[in-house]
Structure formats: structure tokens, C-alpha cells
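The structure under discussion appears below in the form of C-alpha cells.
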Amino acid sequence: MEMGAAVIMAVLVAMLVACAPSAAAGRVWPQEEGGKNGTARREVTYDGRALILDGARRMLFSGDIHYPRSTPEMWPGLIENAKKGGLDVIQTYVFWNVHEPIQGQYNFEGRYDLVKFIREVHAQGLYISLRVGPFIEAEWKYGALPFWLHSVPNITFRSDNEPFKVHMQNFVAKIVKMMKDEKLYYPQGGPIIISQIENEYKLVEAAFHSRGPPYVQWAAAMAVNLQTGVPWMMCKQDDAPDPIINTCNGLICGETFLGPNSPKKPALWTENWTSRYPLYGHDPRFRSAADLAFAVALFIARKKGSFVNYYMYHGGTNFGRFASSYVTTSYYDGAPLDEYGLIWQSTWSHLRELHAAVKQSEEPLLSGSYSNYSFGEQQEGHVFETESDCVAFLVNFDKHKTSNIQFGEASFQLAPKSISILSGCRTVVFETAKINAQHGLRTAQIVQPLNDVDNWKIFKEPIPPEISNTTHTGNRFFEHLSTTKDETDYLWYLSRYDYRSMGHGQLVLNVESQAHVLHAYINNDYLGSVHGSHDGPKSIILKTPITLKEGQNSISLLSVMVGSPDSGAYMERRTFGIRKVSIQQGHHKSHSLNNELWKHQVGLYGEMNSIYTQEGSSRAQWTTIDKSAHLPLIWYKTTFDTPWGNDPITLNLSSMGKGEVWINGESIGRYWVSFKTPSGQPTQSLYHIPRYFLKPRENNLVLMEEMGGDPLHITVNTMSVTRVSSSVNELSIPSLLSRRKHPAVRLRCQKGKHITDIEFASYGNPVEDCRSSGRRCLGSCHAETTEFVVKDVKLSAFPEATF
């Protein structure tokens with residue numbers, strides 16, 4: 001048979017149970033300059049090419065890992081894998097509303113221990129990019145502004161407004177002082193090499209008219225005057241005042257970034273989005289490894305970029321109620337390290353190879369002369385050259401056609417939409433479109449079904465009486481967030497209606513709300529619900545037929561927020577909650593209830609009494625599951641044992657509706673599986689339970705089910721990468737990270753796993769990136785002995801293999 005490029009492909013399966021844990025990785029402490037006497041000065045400066053550390057320009061790859069979106073027990077492993085992935089820097093926001101939830105009362109414990117997080121990064125030899133904000137957006141409730149700011153008299157957020165500037169400066173100064181006291185800035189021997197003030201302000205600046213530009217000037221001057229010893233930056237702020245560096249956020253900064261606003265500033269990319277954050281009702285949108293690599297290489301080549309940060313490198317989990325409006329509990333699960341901290345292949349490995357290829361040519365990229373070439377309408381070249389070294393980036397923008405380019409004395413074939421990096425301007429060391437890294441299949445394995453009805457208890461959330469004592473009473477509708485202070489998603493609107501029959505005709509209740517979900521009850525009978533969506537109209541309308549009795553009838557409306565807003569101008573003026581209520585019979589004129597006496601109750605009984613905790617559980621009358629079990633507003637509780645091993649643990653809630661989950665009193669976040677995507681699936685059905693939240697046995701699981709669901713189909717699962725695959729051909733580029741001089745397939749199991757079986761292997765022309773097994777992956781050419789040869793290597797009990 002005629003052989004084209006010979007290909008070997010293998011698919012392996014790892015055990016579904018963990019092996020004995022490996023020994024802990026050693027710590028790498030950054031080398032202090034100057035020995036015991038500290039004679040050499042540590043400093044961070046910059047010029048038009050790069051950030052400069054101790055006099056040397058640096059090419060830096062960075063990744064966002066947000067400390068509140070994981071647990072301290074996860075931090076070492078996340079940072080270790082980020083470093084192995086070729087990162088130099090970990091970037092994080094500072095989350096104001098977790099640190100100062102009540103004015104003047106601070107919290108830096110547990111997941112919020114910022115200093116401990118930074119010290120862990122330092123211990124592993126990486127730098128920190130600290131985005132102080134303190135407005136951060138980040139799909140975090142209220143953009144991380146503490147809600148108590150809302151009650152400050154005469155305040156206007158993020159503008160030339162004295163009340164806001166006073167509180168912002170106080171917090172920023174507190175964080176900077178904390179970092180200085182702990183000696184965490186680079187000149188002090190710490191890892192922080194750059195900080196950010198504000199966040200994407202240009203998007204809202206015009207809305208503040210004359211109070212926008214002075215605020216930018218003030219924020220910049222305030223930050224610089226804190227004298228941190230490291231540069232400050234502003235993202236998406238083209239007119240960032242000197243010496244603040246303006247940076248780019250986006251998917252394709254190599255095409256959209258206008259560049260630094262001064263030739264003395266470097267090109268920094270603070271947010272290269274590794275996927276798009278998921279929203280309830282939306283199908284997940286992932287980004288391919290090839291597309292990410294193309295964007296990074298183009299930014300370095302076209303914009304002389306020297307700092308690229310992946311947003312996110314590990315997304316993590318929006319625990320509790322911290323996700324912003326309609327944002328899921330899982331955050332950036334398709335990042336190089338997934339929600340659970342597992343390596344997401346092939347993205348992680350492909351970017352790792354890219355980082356190595358770029359770092360190999362750091363000197364010409366940061367110090368060499370630059371020239372560019374055009375090879376056609378959609379092909380171009382970028383060359384960086386010193387007297388001793390040279391690197392070239394050959395770019396093909398055509399998404400459909402391969403392009404042949406004559407460069408120097410050689411011809412190069414460029415795949416569709418790809419960039420080839422040429423070391424020495426001669427040898428291809430990386431191609432963005434050709435993935436030689438392994439692919440992985442992640443599997444949720446059921447380890448404990450919670451289907452024993454006798455182990456479940458329920459508590460029906462009481463509908464508050466309209467005569468209940470409350471200070472929130474008036475002949476109007478109270479605004480939702482101002483009333484709840486964003487301490488709960490729920491606000492009851494309670495009133496009475498004196499009905500006198502007007503003859504025949506169907507009675508209809510009409511409610512207009514600017515919250516996210518609305519549930520309606522008449523005389524404690526459930527009528528129905530309605531919800532909005534992230535991209536839908538601001539108002540939601542419930543229009544439902546009702547039955548009333550002669551005389552007094554109670555009306556109970558439950559307004560629900562699914563997160564507070566995280567962005568936009570004049571956030572303090574945003575209004576939510578019920579706006580209009582009326583009852584109409586037949587063709588008669590509708591009767592408005594807007595000015596009737598309305599009482600408002602903040603939160604649910606179960607929330608206010610913390611019945612999701614061991615102590616608070618006794619405040620509820622728990623009963624066995626009965627016919628009311630699948631109705632709205634039901635609390636459920638049961639227990640489960642912690643699965644053996646070290647694999648991440650998830651809860652499959654695909655049988656439920658909408659609500660919140662607590663494990664041993666810790667909220668693992670909101671769930672909303674009844675809100676289906678266009679493809680008919682829940683946006684998220686698996687919910688992460690950090691092992692740190694668990695006891696060995698009898699963990700308390702409590703759910704507040706808002707819509708109605710079936711808890712008997714909930715399962716406890718472990719998550720792991722169970723199958724890996726890869727392919728290579730004779731034209732593939734050998735890995736820069738391998739000692740081998742020839743292309744090779746290297747397959748590695750998840751940490752703690754080992755190879756148990758070879759499902760498929762083919763030498764010939766198999767289907768590349770084939771995730772299934774068996775003959776479906778075979779091409780027209782196949783060496784029948786391939787699988788026998790591979791299996792004869794006796795790979796079982798080994799964590800990796802190279803062919």
C-alpha cells in the first residue's frame with residue numbers, strides 16, 4: 001500500500017480509582033538577590049518592550065486563578081500545574097465584598113486569605129499580578145463592590161464623587177498596606193510585580209460625562225502615590241495617565257489592541273479569554289487550543305506583546321451566592337485547569353508547547369529589531385532579529401486554505417488559520433493549528449445514588465402571613481436589592497384583596513417584575529412562576545387565571561434574584577423587584593393593586609433560621625417525603641459518606657429544578673437545571689463539592705428546591721480523566737520539552753492514575769483526534785500488528801507512555 005505521512009494513534013483507559021498519592025512536590029523559593037547583605041537591588045520597571053525585573057526584560061505568561069473560587073487546600077496543586085504549564089505569573093483580583101462585607105469589618109480567613117494565597121504562589125517560584133480594582137466585574141455579584149456602599153448618602157459609584165472616592169481609597173490603601181506589611185511586593189523580596197487599578201472603565205466612562213475623566217486621573221494618581229515600588233496598569237483604558245500602563249482585554253488583542261499609549265510602555269494582554277463564562281439557559285462555549293495559541297502568537301508578533309494572561313487559567317466555583325446575574329455556579333470550566341483543578345487537555349499541553357517555543361526566542365523578541373512582510377492578502381510575516389539570533393512568525397489568516405510561503409531560502413506550508421514559529425528564522429518549532437498534545441475524556445462516575453426514600457427528610461417552606469410583623473410596609477412596592485441588602489435572593493411581597501364578584505368572566509392576575517424569577521400564590525395556593533434570562537427583556541410578566549373567594553384573599557408574591565449585576569454605569573441606581581400588580585375579570589377594567597398596602601418579608605424562613613446547618617436544623621419540622629415532595633419551595637435533607645480516594649467530587653442535580661445546595665453548612669452555590677439551553681440540556685447539572693467541605697461519614701446535604709424536583713435521582717459522583725488519546729505523523733514537530741529528536745506520542749494519565757488497557761492503536765492513516773475506540777478510527781491504511789506491538793510493551797501500572 002502507498003503510505004502518506006505515517007500516523008500512530010493510541011487510546012488508553014485509566015483506572016477509575018485512585019492509586020497511592022505521590023510524594024508532595026518540593027517548594028522552589030525565589031533566589032533573593034545580593035546574599036545575606038542584600039547588596040543587589042530588586043526592582044520592577046518597564047520600557048516600550050517589556051516589564052523589566054532587576055534590569056532584564058522578561059517575556060511573561062500569566063494565568064488568572066481567583067482565590068475565593070477554590071479552597072486553600074486546592075491552591076498548591078493549581079499553582080503547581082500552572083507552573084508546569086509554562087506560566088511565570090498568577091493573576092488575581094482582590095474581592096472587596098468578601099473582605100469587607102460589613103463596613104469596617106474585615107475578613108481574610110479561609111478562601112479569602114489573600115496573603116496565604118500570594119505566599120503559596122511565591123513558594124512555588126511564580127510572580128503575582130494583583131488586580132486591586134476594587135471594582136472588578138468578574139461575573140461576581142455587584143462587581144465585588146460591597147452592598148453597604150449602596151446606602152452611603154449621595155454616592156455615585158466609579159465617578160468623580162467624593163463619597164465613593166473616600167471608600168475606594170480606604171480599601172485600596174488597606175490592601176496595599178497589607179501587602180507592604182507582609183513584604184509581598186517585588187522590591188521587598190515578594191512576588192507582586194504589577195498591580196491594577198479600576199477595571200475596563202472606558203466601557204462606562206462616557207455615561208458619567210464630565211465626572212468620568214477626572215475620576216480616571218484621580219484613580220491613577222491615588223494608586224501611584226501609594227508607592228508600591230511596582231508598576232500600575234489599567235485595562236481597556238486607552239488614555240491611562242502616565243505612568244499607568246494601558247492594557248488589552250479580549251479574544252483577539254493581536255487584532256483589536258490599539259497598542260500602548262506611549263512608546264515607553266509595553267504591550268500587555270491582561271485578559272485572553274480561554275472560553276466564555278456560562279449563563280443559565282445558554283449552551284457552554286469553549287475555545288479550541290488552536291484558536292487560543294493563534295491569538296497569543298499573533299499578539300506577540302504583531303503588537304510586540306511581552307505579557308499574556310489567560311482569563312481564566314483555572315475558573316473554579318462561584319460558591320454561595322457570589323455569581324452575578326444569571327451566571328452559573330461553575331466558572332470557566334473549559335480553562336486549561338478545569339473547575340475541579342484537573343488538567344484540560346489538549347489546551348494545557350498545547351499552550352505549554354507554545355510557551356516553550358516563545359521563551360526559546362526571548363532575546364530577539366524583547367531586544368531585537370523588528371520587521372514585517374506581506375506574502376499575500378491573508379498571509380504575513382513578523383521577524384525579530386539580533387546579531388546572534390532571529391525568530392520569525394509566519395501567519396496565515398485564511399480559515400479554509402493551506403498556504404505555501406517562500407521565506408528566506410525555504411518554502412513553508414501554513415495550515416488554515418495558523419501561525420508557524422521559526423527558531424533562528426529557519427526551523428519550525430511550533431505550529432498553532434497542529435495539536436500534537438494528548439486529548440482527555442473526563443468522566444463523572446456515580447459512587448453513591450441517594451435513592452433511599454427513608455434517608456430523605458423534607459420541610460415545606462411556609463408562606464408568610466400578610467399580617468406578619470415587618471418594618472418593610474407601605475402603599476408601594478419596595479425595591480428588591482435595597483430591601484434585602486443583597487443578603488438573600490428572596491423577597492416576599494404580601495397583600496390582601498377584597499373581592500366582590502362582578503358577574504361572569506375569568507379572573508386573571510397580572511404581575512410585572514424586574515427581578516429574575518417570580519412565584520405567585522393566592523390564599524397559599526401555588527399559581528405558577530415565570531423567569532427571565534440574561535439577554536431577555538428587563539421585565540418579566542406573569543399572567544395567570546385565578547380563583548378568588550368572596551371577601552378577603554391573600555396575595556403572596558415571591559421575587560427572586562439569580563445574582564446581582566456586576567457591571568454598567570450607575571449600578572447604585574439599578575432597580576429590581578415587582579413593579580405592577582393588577583387583577584382583571586373578563587372584559588372589565590383591571591383593578592390595580594400598586595397602591596394597596598404591601599408588606600415585604602426578606603428571605604425565606606429556612607434561610608433566616610439557617611436550617612441548612614447542624615444547629616439550625618432543629619428549628620424546622622422535618623418530615624418524611626410525601627405527596628408535597630415535588631412541589632415548589634421544599635427543603636430537602638439527607639446524608640452521604642465521602643467517596644474514597646482523591647478524585648474531585650460532584651453532585652448530579654439533573655433531576656432537580658432550581659435552588660441552592662449546602663454541604664455541612666457550606667453553600668456550594670445556586671443550581672438551575674430546569675432552565676434548559678437551546679440544545680435541550682441544563683447549562684450545568686454537576687456541582688462541585690470540595691473535599692475540604694466534607695467529613696469521612698454522614699455529611700449533611702441540604703437543598704432549597706424552589707421550582708420542584710425529585711431528590712431520589714440525585715447522585716454523588718467522582719470526576720476523573722478516564723481515557724486519553726493522541727496522534728502524531730512523520731511531519732509533526734518534536735516537542736521542545738522532550739529529549740527526543742523525533743515526533744512521538746506521549747500519553748499521560750491523570751495524577752494518581754495508571755494505564756490499564758490499550759483500546760486502540762493504528763500505524764497508517766487513522767482518523768486523527770478520534771475519541772472513540774475500535775475500527776471506527778481506522779483509515780484506509782492500517783498496520784494490523786500495531787496494537788499487538790503497543791500492548792506488548794506491558795504498560796499497565798505505569799502513569800504514562802511514549803511511542
Hz values of 3J(HN,Hα) by residue in segment 132-148 - Karplus curve (6.51, -1.76, 1.60), Gly and Pro given as x:
6, x, x, 6, 10, 6, 6, 6, 10, 4, 6, x, 6, 6, x, 5, 4
Over segment 471-532, give the accessible area per residue in Å² for a 1.4 Å probe, as an integer.
40 Å²
Through the Karplus equation 6.51 cos²θ - 1.76 cosθ + 1.60, θ set to phi - 60°, convert the phi angles of segment 500-516 into ³J(HN,Hα) values in whole Hz; use x for Gly and Pro.
10, 4, 10, x, 7, x, 6, 7, 10, 9, 10, 10, 10, 9, 10, 7, 9
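Ignoring ligands, DNA and RNA, please state the percent of accessible area on the chain from carbon and sulfur, probe 1.4 Å. Kindly include the intermediate steps, with their values, before the conclusion.
Working: 16340 of 32980 Å².
C and S fraction of accessible area: 50 percent.
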Segment 188-202 and segment 229-290: distance between their alpha carbon centers, rounded to Å:
14 Å
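Give the accessible surface of segment 121-196 per residue, rounded to a whole number of Å², with probe radius 1.4 Å and ligands, DNA and RNA excluded. List each step's numbers first, then the result.
Working: 2010 Å² over 76 residues.
Value returned for segment 121-196: 26 Å² of accessible area per residue.
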For segment 228-312, calculate the relative contact order in percent as a whole number, restricting contacts to Cα pairs under 8 Å that are 6 or more residues apart.
28 percent
Cut-off under 5 Å, modelled amide H: who pairs with Val447 long-range:
Val716, Asn717, Thr718
Tell me, what are the semi-axes, in whole angstrom and largest first, of the equivalent ellipsoid of the chain as set by the roots of 5 times the Cα gyration tensor eigenvalues?
49, 34, 25
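With +1 on the Cβ of every Lys and Arg and -1 on the Cβ of every Asp and Glu, and nothing else charged, how large is the dipole of segment 527-573 about its Cα centre, in debye rounded to the nearest 20? Intermediate results must be reported in sequence, preceding the final value.
Numbers: 4 positive and 4 negative charges, 35 e Å.
About 160 debye.
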Could you please state, rounded to a whole Å, how far the C-alpha centre of segment 131-147 is from the C-alpha centre of segment 641-686?
25 Å
Quick one: grab Rg to one decimal and Dmax as a whole number for segment 138-204, Cα atoms only, in Å.
14.4, 42
With the alpha-carbon atoms as the only input, what is the per residue convex hull volume for segment 173-218 in Å³?
84 Å³
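What number, in percent, do you get for the relative contact order of the chain if the mean sequence gap of Cα pairs under 8 Å and at least 6 apart is divided by its residue count?
On the way: 1919 pairs, mean separation 127.7, N = 803.
Averaging sequence separation for qualifying contacts and normalising by length gives 16 percent for the chain.
By how many nm would the segment from Arg500 to Asn455 lengthen if fully extended, with 0.36 nm per residue of separation less the alpha-carbon distance? Could the numbers behind the result be given before it?
Numbers: separation 45, 0.36 × 45 = 16.20 nm, distance 4.77 nm.
Extra length available between Arg500 and Asn455 comes to 11.4 nm.
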Can you pull the one-decimal nm distance between simple spin-label points at Arg276 and Ser539, each 7 Å off the Cα toward Cβ?
2.9 nm
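Mind ranking 278-284, 60-66, 216-222 by how tightly packed they are, going by the mean number of other C-beta atoms within 10 angstrom, highest first?
On the way: 278-284: 20.9, 60-66: 26.6, 216-222: 17.7.
Those peptides, ordered most packed to least, come out 60-66, 278-284, 216-222.
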Ranked highest first by average number of other Cβ atoms within 10 Å, how do 90-98, 185-193 line up?
90-98, 185-193
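Compute, for the chain, the length of the dipole vector about the Cα centre, with Cβ point charges of +1 (Lys, Arg) and -1 (Asp, Glu) only. Units Debye, rounded to 20. Could the numbers behind the result be given before it?
On the way: 78 positive and 80 negative charges, 60 e Å.
Computed charge dipole of the chain: roughly 280 debye.
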Just to be sure I understand the model, the point goes 7 Å from the Cα along the line to the Cβ. What's the resulting Thr575 to Asp54 distance in nm?
6.0 nm
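Note down the magnitude of the dipole of segment 311-396 about its Cα centre, charges +1 on Lys and Arg C-beta and -1 on Asp and Glu C-beta and zero elsewhere, to the nearest 20 debye.
Working: 3 positive and 11 negative charges, 100 e Å.
Value, rounded to 20: 480 debye.
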Förster radius 30 Å - calculated FRET efficiency between Lys741 and Ala783, Cβ distance, rounded to 0.05:
0.80
Please give every one of the lysines within straight-line cross-link reach of Lys457, meaning a C-alpha to C-alpha distance under 30 Å, and leave out same-chain neighbours fewer than 8 residues apart.
Lys627, Lys637, Lys658, Lys676, Lys695
Label-reachable residues, segment 329-371, where backbone N falls under 17 Å from a point 7 Å from Glu759's Cα toward its Cβ:
345-346
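Taking 60 Å as R0, compute the FRET efficiency from the Cβ-Cβ separation of Ser679 and Asp239 and round it to 0.05.
Values: r = 43 Å, r/R0 = 0.71.
The value I calculate is 0.90.
Want the number for Glu73 to Asn510: 0.36 nm per residue separation, take away the alpha-carbon distance, what's left? Present the calculation step by step, with values, prior to reporting the outcome.
Numbers: separation 437, 0.36 × 437 = 157.32 nm, distance 5.00 nm.
My answer for the length gained is 152.3 nm.
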Straight-line reach only, C-alpha to C-alpha below 20 angstrom: list the lysines that Lys202 could link to, leaving out same-chain residues fewer than 8 apart.
Lys165, Lys236, Lys265
Excluding residues fewer than 8 places away in the same chain, name every one of the lysines whose C-alpha is closer than 26 Å to that of Lys434.
Lys83, Lys84, Lys303, Lys304, Lys359, Lys399, Lys401, Lys417, Lys741, Lys751
If one puts a single equal scatterer on every Cα of segment 138-256 and applies the Debye formula without solvent, what log₁₀ I(q)/I(0) results at q = 0.12, 0.18, 0.19 Å⁻¹?
-0.49, -1.07, -1.16
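The values are calculated or read from the model by the stated rules, or taken from the named source; none is laboratory data. All of these numbers come straight from a predicted model, not from anything done at the bench. Cβ atoms come from the backbone with ideal geometry, glycine included; neighbour counts cover every protein chain shown. The area values use the complete protein model at the heavy-atom level, side chains included, leaving out ligands, DNA and RNA. Shrake-Rupley method; radii C 1.70, N 1.55, O 1.52, S 1.80 Å.
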